[in-house]
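The values are calculated or read from the model by the stated rules, or taken from the named source; none is laboratory data. Quick caveat: nothing in here was measured; it's all calculated off a predicted structure. Neighbour counts are summed over all protein chains in view; Cβ atoms, including those assigned to glycine, are modelled from backbone coordinates with ideal geometry.
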Amino acid sequence: MKRIYFFLLLAGWALQLQAQITEFPYNEGFEEEQFPPSGWLGYPIVGNTEFVRVTVGEWPACLPHDGSVAMAQYNSFNASIGKSAVLITPELILGDDNVLRFWFYRSEDPSNNRHDKIEVYYNSTPDLEGATLLDSISRAVNFYPVVPAKGWYQYEFTIDNMGSTHIIFKAISAYGWKMYLDDVEVNTSTLDLDPPVVISLDGTQVYAQQPMNLELVVRDVSDMPEMLEGQATIEGDTQVVEMTKTSGTQGDFTYHGTIAGQLDHTEGEIKFWLIDEPGNAAWSDNYPLHWDWVKPILEESFEGEDFPPENWTVTGQPLTWLTWDDYGLVYYTDSDGTEWEVYPPHGQRQAAVEWDFQGNDQNEWLISPPIAITENAVLTFKTFVRLNNYDYDEYLVRASTDGFTWENLWSAADYPAGVSNYDDDITLSLNSYVGQEVRIAWQAYNLYGGNLWYSWFVDDVKIRATDTLVGINKKNDLPVSGAFPNPFSAFTTIRFKMQQAGKVSLNVFRNDGRKIFERLFYALPAGFNEIKIDGTQLPSGFYYYQLQTSGGTFGGKLIRR
């Protein structure tokens, strides 16, 4: 084995002789399928685990930085303590003022905060012998350098080495979670001559009459001021929006600001004056603002830090550890051996109870807080569930006014056999509970006792006044919309139903708010319509679509694999 790696090392050196980097900045985001990238070298130091290229990470769940296609991974989750590997850049011909920047994913888990880390070196040859250590960075957020939360962080080092130089990333396992590296940049000037750029803007679509709490993430290699100004134009009126810096790390800075609530179906746009400490400045792009719909009586999408959410309850059998919990993307193999990828239909999280493959009894309940029903109302939710399964699993939605007596509202057994793959909202009337407080429960158990045979996923729970929905439909022709397939790998289709013929526009935005797709249809017929989107040229990541008619706006999230 050592002889094989010796020959690989020689081959890598030969390739690097042909891959001398003389033009800067030099960037590597591991987007191409070839890995290590051209001119790079990677091999194990201790053990057999190497750096690899991945497009999606698990343990911890992680997507490539900035929604790009891929990233580098070292699998310390399966590498025992002390195992290590290196990933080495091509030969870089540096000047006398050099800087290295890269992004590293910091993760957290109470049972796995082990001291996995990467060490960063530079050397005149592509190996560790005689290399200079720049620093080490731990995978876990509570080890050096300590950071407040999980996520991608940029790290920067100056390199005092003119001429031939190699950057060496050494991963060292502590048998914890996996480590991810992305977007490596080397430049021969430490001067910052570029203005900041917007990475993301969240909170731009809210319910009518609700304040719009904006979260702006800005990137710059220099420090940023405590305040930025936004210029919002709403229904022709312009106002200044003050954005306050609430956090800032190397590379990314987060700002928050608020715009007062507006009437239903109000639209506007906002742009930001971006300036860093050296004085580099520019206006950002314009980003759309929307106030639509009326705030539901209850809304829960399980995106919070805690589960169950505040005032919700989880109960079940004492011996199983597979009770209701929240998850991101789930790679799920059911009891039939069928493999699924279950994505949250919106946001990053979903509630689920997984089947207990160890055979422990399960009778698992997820129960909402008491909700006062003062007028006719409907309960809606999305679900991924095995319908009418032959293993006698029961998946029920139930309601109670006292917490003891429960009435069935919905059962997966009432449908033809198959899988509900978050296709459509489940809509249930709560009119019989007007004037009462009601709790809603999602109950999963097997009719013959024992364990479940399939997992059940639930998301986007809402209770809305029926009159609110009817009132909107009387005034507007809002479409019922969805994207299929979603997630998608090449093409996706926006399907929607129109109550009457009319003009329709479809816009698709990147995660940072930039529009990448626009279609206008001047006269679509009433009934069901479809618009197909070619996503073959889009990088993997999250996108948002917005469907507009003369009557209103509807939107959703798209995931490109």
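Look at segment 21-62 and say how many of its residues are of a type in the set (S, T, N, Q) and within 16 Å of P539 (Cβ to Cβ).
Summing the residues that are of a type in the set (S, T, N, Q) and within 16 Å of P539 (Cβ to Cβ) in segment 21-62 gives 2.
Just checking, how many residues over segment 65-89 are buried (at least 23 other Cβ atoms within 10 Å of the Cβ) and farther than 23 Å from V330 by Cβ?
Final tally of qualifying residues: 8.
Kindly list the number of the only condition in (1) of a type in the set (D, E); (2) out of contact with any strand residue (DSSP E or B) (no Cβ under 7 Å at 6 or more places or on another chain); (3) at pLDDT 95 or above that fails for D109.
Looking at each condition in turn, D109 falls short on (3).
Considering (1) within 26 Å of the chain's Cα centre (by Cα); (2) not in a strand (DSSP E or B), say which one E269 fails and leave the rest.
Only one criterion is unmet by E269, namely (2).
Mind checking whether some residue in segment 173-191 is basic (K, R), in contact (Cβ under 8 Å) with a residue 24 or more places away in the chain and outside any strand (DSSP E or B)?
Taking every residue of segment 173-191 in turn, at least one turns out to be basic (K, R), in contact (Cβ under 8 Å) with a residue 24 or more places away in the chain and outside any strand (DSSP E or B).
Tally up the residues in segment 379-403 that are farther than 21 Å from D361 by Cα, within 31 Å of the chain's Cα centre (by Cα) and crowded, with 20+ Cβ neighbours inside 10 Å, please.
The qualifying residues number 5.
Can you find, within segment 361-409, the residue that is nearest to Q317 (Cα to Cα) among those that are of a type in the set (S, T, N, Q) and assigned to a strand (DSSP E or B)?
Selected residue: N363.
Yes/no per residue for (1) in the same structural domain as A444 (by TED's automatic domain parsing); (2) surrounded by fewer than 17 Cβ atoms within 10 Å (Cβ to Cβ); (3) within 21 Å of W59 (Cβ to Cβ):
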site	(1), (2), (3)
D285	no, yes, no
G304	yes, yes, no
F307	yes, yes, yes
W340	yes, yes, yes
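Please determine whether any residue of segment 122-144 is among the aromatic types (F, W, Y), modelled with pLDDT under 95 and more than 24 Å from the chain's Cα centre (by Cα).
yes
I need a count of the residues in segment 39-64 that are closer than 29 Å to T165 by Cα and crowded, with 22+ Cβ neighbours inside 10 Å.
4
So which of Q239, Q231, Q262 is in a loop (DSSP other than H, G, I, E, B), of a type in the set (S, T, N, Q) and not assigned by TED's automatic domain parsing to the domain that holds T55?
When all the criteria are applied, what remains is Q262.
Yes or no: T158 at pLDDT below 95, within 28 Å of G67 (Cβ to Cβ) and among the polar types (S, T, N, Q)?
Here the answer is no, as T158 does not meet what is asked.
Considering only residues of segment 346-368 that are at pLDDT 95 or above and touching a Lys or Arg at 6+ places or on another chain (Cβ under 7 Å), which is farthest from D325 (Cα to Cα)?
S368
Output the number of residues of segment 331-354 satisfying the condition of being under 18 Å from the mean Cα position of the chain (by Cα) and part of a loop (DSSP other than H, G, I, E, B).
Number of matching residues: 7.
Is one or more of the residues making up segment 368-377 under 29 Å from the mean Cα position of the chain (by Cα) and in the same structural domain as N451 (by TED's automatic domain parsing)?
Yes, segment 368-377 contains at least one residue that is under 29 Å from the mean Cα position of the chain (by Cα) and in the same structural domain as N451 (by TED's automatic domain parsing).
Report, by residue number, each residue of segment 342-360 that is surrounded by fewer than 16 Cβ atoms within 10 Å (Cβ to Cβ) and either outside the structural domain of S420 (by TED's automatic domain parsing) or of a type in the set (A, V, I, L, M, F, W, C) (or both).
Within segment 342-360, just F357 meets the criteria.
Among the candidates V314, V294, single out the residue that is touching a helix residue (DSSP H, G or I) at 6+ places or on another chain (Cβ under 6 Å) and not charged (D, E, K, R).
Being touching a helix residue (DSSP H, G or I) at 6+ places or on another chain (Cβ under 6 Å) and not charged (D, E, K, R) holds for just one of V314, V294, which is V294.
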